[in-house]
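Here is the structure we will look at.
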Amino acid sequence: MSRLTFGNVVKVAAVLVFLPLIAYLVLVIGAVRKDLRTALEGLLYAVTFSMAVFVLDVWGPPALLALTAMVASGVRSWHLRDLWLPARRRWWKRALAEASTVVDRARTRHTIVVAGSEHLPSSVAWVRLHADRNRRRLPGDTHRTVLQICQVLDDVIAAEQHERTADPRFEYELDAMAREYLPAVLRNYLAISPSRVHERQPDGRTPVEELTQQLWILSGQADALDASHHRRLTAELSTTGIFLRDKYGHRQPEGSDTRVL
């Protein structure tokens, strides 16, 4: 992912042009993004700078106070860069991601509900709804990743309801993914204040980095569940074919063509 986009270049250029007013930048970010906590923090820097420049003497301690507000606002603006300088994937990676998340919504599914799985679609829908509502708070492409995981889980749940694998371990992993793991990751990240998502934790990662890594793991697990379900169905079809050939294959007339066209 890269932050080198036309929009970000224009924003940085504007900041450099109005560099003496950088003390107001955090306030502007909070107001534009409708983030109350960030706006209040920016208001503190803006009021401090304004009082030091327009109310007090511009020389001596007031000048130091104004400089401190400018530096603090600049540093916090960098910490909040995901709010106003969002990263974008390279064009080839973005094209691949978009191609992998295309969904034929016109397709209708006729499913047979399996006992114990009725709640799974609603759990996935909850994750999708909260990801959409908080997409501005999700860094980088994590919003797209969450939706991609939800789509894979929806497909696996629908396939499981239509043709159950009857594997307790598979059902447990699918249930845990839809009802516990994915909702917990999203819920825990959104509970963190936006002003603290870039702070280093004792393990060395920031909440943003932790969210990105956990979603990457869950995405791989969702793909593994999907592949496992299809492997089981294919194996069952092959097993049925072996049984039918052993039991009834000798009854076919000689020279008959058994190929499927």
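The values are calculated or read from the model by the stated rules, or taken from the named source; none is laboratory data. The structure displayed is predicted, hence computed values, not measured ones. All Cβ positions, glycine included, derive from the backbone under ideal geometry; neighbour counts span all protein chains shown.
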Worksheet entry | segment 200-222: number of residues that are surrounded by fewer than 17 Cβ atoms within 10 Å (Cβ to Cβ) and in contact (Cβ under 8 Å) with a residue 12 or more places away in the chain | 2
Item to complete: Inspect segment 174-184 for any residue being closer than 30 Å to L36 by Cβ, in a helix (DSSP H, G or I) and either among the hydrophobic types (A, V, I, L, M, F, W, C) or not assigned by TED's automatic domain parsing to the domain that holds D226 (or both) and give the result as yes or no.
Response: yes
Discussion item. Given the condition within 19 Å of the chain's Cα centre (by Cα), within 30 Å of Y172 (Cβ to Cβ) and either at pLDDT 85 or above or in the same structural domain as L147 (by TED's automatic domain parsing) (or both), answer yes or no: does some residue in segment 85-96 qualify?
Written reply: no
Worksheet item: What single numbered condition from (1) aromatic (F, W, Y); (2) touching a Ser or Thr at 6+ places or on another chain (Cβ under 8 Å); (3) over 22 Å from P86 (Cα atoms) fails to hold for Y181?
Response: (2)
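Whether any residue in segment 154-166 is under 30 Å from T38 (Cα atoms), in the same structural domain as R128 (by TED's automatic domain parsing) and assigned to a helix (DSSP H, G or I) is what I want to check.
No, segment 154-166 contains no residue that is under 30 Å from T38 (Cα atoms), in the same structural domain as R128 (by TED's automatic domain parsing) and assigned to a helix (DSSP H, G or I).
Kindly indicate the residue of segment 1-57 that is basic (K, R) and in a helix (DSSP H, G or I) and also farthest from G140 (Cα to Cα) among those meeting that condition.
Across segment 1-57, the extreme among qualifying residues is R37.
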Item to complete: Identify all residues within segment 10-31 that are more than 15 Å from V75 (Cα to Cα) and either modelled with pLDDT of 85 or more or not assigned by TED's automatic domain parsing to the domain that holds W78 (or both); write none if there are none.
Response: A13, A14, V17, F18, A31
Fill in: Residues (surrounded by fewer than 16 Cβ atoms within 10 Å (Cβ to Cβ) and farther than 21 Å from G7 by Cβ) located in segment 66-83
L67, T68, V71, V75
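Within segment 190-248, take every residue that is among the basic types (K, R) and part of a loop (DSSP other than H, G, I, E, B) and give me the one that is farthest from the chain's Cα centre (by Cα).
The first filter runs over segment 190-248 and keeps only residues among the basic types (K, R), leaving 196, 200, 205, 231-232, 245, 247.
Next cut, part of a loop (DSSP other than H, G, I, E, B) only: 200, 205.
Numbers: R200: 20, R205: 17 Å.
Per the criteria, the residue is R200.
Filter segment 118-137 for residues that are part of a loop (DSSP other than H, G, I, E, B) and free of Cβ contacts under 8 Å to residues at least 24 places away in the same chain; which is farthest from the chain's Cα centre (by Cα)? Write out each step before concluding.
Step one: list which residues in segment 118-137 are part of a loop (DSSP other than H, G, I, E, B), which gives 118-119, 134-137.
So of that shortlist, the ones also free of Cβ contacts under 8 Å to residues at least 24 places away in the same chain come out as 118, 135.
On the way: E118: 25, R135: 8 Å.
Per the criteria, the residue is E118.
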